[in-house]
1. Being surrounded by 10 or more Cβ atoms within 10 Å (Cβ to Cβ) and β-branched (Val, Ile, Thr) narrows it down to one of Ile28, Ile61, so name that one.
2. Is there any pair with a first residue in the stretch 32-55 that is on the phi < 0 side of the Ramachandran plot and a second that is exposed (fewer than 10 other Cβ atoms within 10 Å of the Cβ) and in a loop (DSSP other than H, G, I, E, B) whose Cβ atoms are under 6 Å apart and which are 6 or more apart or on different chains, and what are they?
3. Assuming Pro34 fulfils every condition listed in (1) modelled with pLDDT of 95 or more; (2) in contact with a Pro (Cβ under 9 Å, 6 or more places away or on another chain) apart from one, which condition is it?
4. Conditions: (1) among the charged types (D, E, K, R); (2) over 30 Å from Asp24 (Cβ atoms); (3) surrounded by fewer than 10 Cβ atoms within 10 Å (Cβ to Cβ). Asp42 meets all but one. Number of the miss?
5. How many of the residues in the stretch 1-50 are in a helix (DSSP H, G or I) and of a type in the set (Val, Ile, Thr)?
6. Select from the stretch 27-86 the residues that are small (Gly, Ala, Ser), within 30 Å of Ile4 (Cα to Cα) and within 23 Å of the chain's Cα centre (by Cα) and list them in ascending order.
Amino acid sequence: MRTINIHQAKTHLSRLVDEAEKGDSFIIAKAGKPKVKVVRLDAPKVPGKRRLGSLEGMYTIPDNFEEIDRELDQEVEKLMFGEDDE
């Protein structure tokens, strides 16, 4: 593995990155002392495409869901603020 001084690395960074991407790893040294190793990263895995409608038919919403929602809202309000003494 070749060693490149930091000044050369700064001057030729673009070319060196291209070479590292192709698998030609190298070490960057400062004052002759190795500091870092530059290696190619494995390509990140791209998530698969999301399919719209893939859960269709697996769940149903009741016809009175708005009424149920209002009842839940009222229960939560009672728990948070206490019941009205009207």
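The values are calculated or read from the model by the stated rules, or taken from the named source; none is laboratory data. All of these numbers come straight from a predicted model, not from anything done at the bench. Because the Cβ atoms are built from the backbone with ideal geometry, glycine has one as well, and the counts that use them run over all protein chains shown.
1. Among Ile28, Ile61, only Ile28 is surrounded by 10 or more Cβ atoms within 10 Å (Cβ to Cβ) and β-branched (Val, Ile, Thr).
2. As it stands, the answer is Arg40/Gly23, since those pairs meet every condition given.
3. In the conditions (1) modelled with pLDDT of 95 or more; (2) in contact with a Pro (Cβ under 9 Å, 6 or more places away or on another chain), Pro34 misses (2) alone.
4. Failed condition: (2).
5. 3
6. Within the stretch 27-86, Ala43 is the sole residue that qualifies.
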